[in-house]
């Protein structure tokens, strides 16, 4: 798969595509669009958006050029980005929205996108031309490498169920009759911290997890879940990507750590501001506040 840079468009793209490569998106991924994916400040791949879910996006990998496109790959016309594109339509993969960084424009209509998906799983005539390259060893190696790189992106999760990000799966305790008061007693957390942890606003620490598991005889993995609140979903939107990368750079941390830093401030921001005092949304205000502080060296 092609090697990319976040702020330098590849050679051969049209002027419009080169401008889009460095332009910050203001909308969510939509069917038929081509996006640049990134994680932790590194551009990884191009993807054609093929299906949407509240929690993730389905997409097919896209490669610049047609030099490695065999009859098993489709071709997107040069009118899309200024150069022909190879579409690996049989490699549709689920991707976190937090990976989507730059919107390069619409490649296919919704109906043609659906036809491409159907052609990947059936004998239906594909709506696009297919490649003409013979399947030589070098071509196969390039395609295999591209697939491995793209599919590795689906294993990147944020937030995850790892310690430091995972929150309490409250329903596992409620199902056995545990309420917030009993949770506070067993966890031995300060009341304010216990309440935030019970609500899922605070990550569940390992020591507390061990206490809960031992006391209530519930498996550790059943007591944790990935945060799934509205604010976390909003923070996964592409419009926050560049600000989070700047925050990470200013504070010498990873993108994951920067996202967790912002999440950790949600409860504080909610207590500090009334809805009327928020300039935008809780998420936007939190990102802005932390970013401004990081620029000042606080």
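List of remarks:
- Of the criteria (1) surrounded by 18 or more Cβ atoms within 10 Å (Cβ to Cβ); (2) within 26 Å of residue 249 (Cβ to Cβ); (3) free of Cβ contacts under 8 Å to residues at least 40 places away in the same chain, which one residue 89 fails: (2)
- Any helices (runs of 4 or more DSSP H) falling wholly within region 117-189 and containing at least 3 residues that are in the same structural domain as residue 47 (by the TED database), modelled with pLDDT under 95 and under 20 Å from residue 76 (Cβ atoms): 137-152
- Of the listed requirements (1) over 20 Å from residue 55 (Cα atoms); (2) not in a helix (DSSP H, G or I), residue 227 misses just one: (1).
- When region 138-147 is filtered for residues that are surrounded by 12 or more Cβ atoms within 10 Å (Cβ to Cβ) and more than 22 Å from the chain's Cα centre (by Cα), the ones remaining, listed by number, are 139, 140, 142, 143.
- Take the conditions (1) at pLDDT 95 or above; (2) out of contact with any helix residue (DSSP H, G or I) (no Cβ under 8 Å at 6 or more places or on another chain); (3) more than 26 Å from residue 243 (Cβ to Cβ); residue 72 misses just one of them, which is (1).
- Scan of region 36-60 for residues that are under 13 Å from residue 241 (Cα atoms) and in contact with a strand residue (DSSP E or B) (Cβ under 8 Å, 6 or more places away or on another chain), ordered by number: 36, 37, 38, 43
- Residue match in region 58-66 (condition: under 28 Å from residue 250 (Cα atoms), under 14 Å from the mean Cα position of the chain (by Cα) and not in a loop (DSSP other than H, G, I, E, B)): no
- Residue selected from region 9-23 under the condition in a loop (DSSP other than H, G, I, E, B) and more than 17 Å from residue 100 (Cα to Cα), by the criterion nearest to the chain's Cα centre (by Cα): 10
- Test: residue in region 101-114 that is in a loop (DSSP other than H, G, I, E, B) and under 29 Å from residue 229 (Cβ atoms): no
- Of the residues making up region 42-57, those that are within 14 Å of the chain's Cα centre (by Cα), surrounded by fewer than 18 Cβ atoms within 10 Å (Cβ to Cβ) and not in a loop (DSSP other than H, G, I, E, B) number 2.
- Yes/no for residue 64 being surrounded by 23 or more Cβ atoms within 10 Å (Cβ to Cβ) and more than 25 Å from residue 257 (Cβ to Cβ): no
- The set of residues from region 14-32 being over 17 Å from residue 153 (Cβ atoms) and buried (at least 18 other Cβ atoms within 10 Å of the Cβ) comprises 17, 18, 20, 21, 25, 31, 32.
- Taken together, 135, 150, 98 contain a single residue that is surrounded by 20 or more Cβ atoms within 10 Å (Cβ to Cβ), farther than 21 Å from residue 17 by Cβ and in contact (Cβ under 8 Å) with a residue 12 or more places away in the chain, which is 98.
- The residues of region 161-178 that are surrounded by 15 or more Cβ atoms within 10 Å (Cβ to Cβ) and within 17 Å of the chain's Cα centre (by Cα), listed by number, are 161, 165, 166.
The values are calculated or read from the model by the stated rules, or taken from the named source; none is laboratory data. This structure is a prediction, so every number in the text was calculated from the model and none was measured. Every residue, glycine as well, gets a Cβ built from its backbone with ideal geometry; the counts of neighbours run over all protein chains shown.
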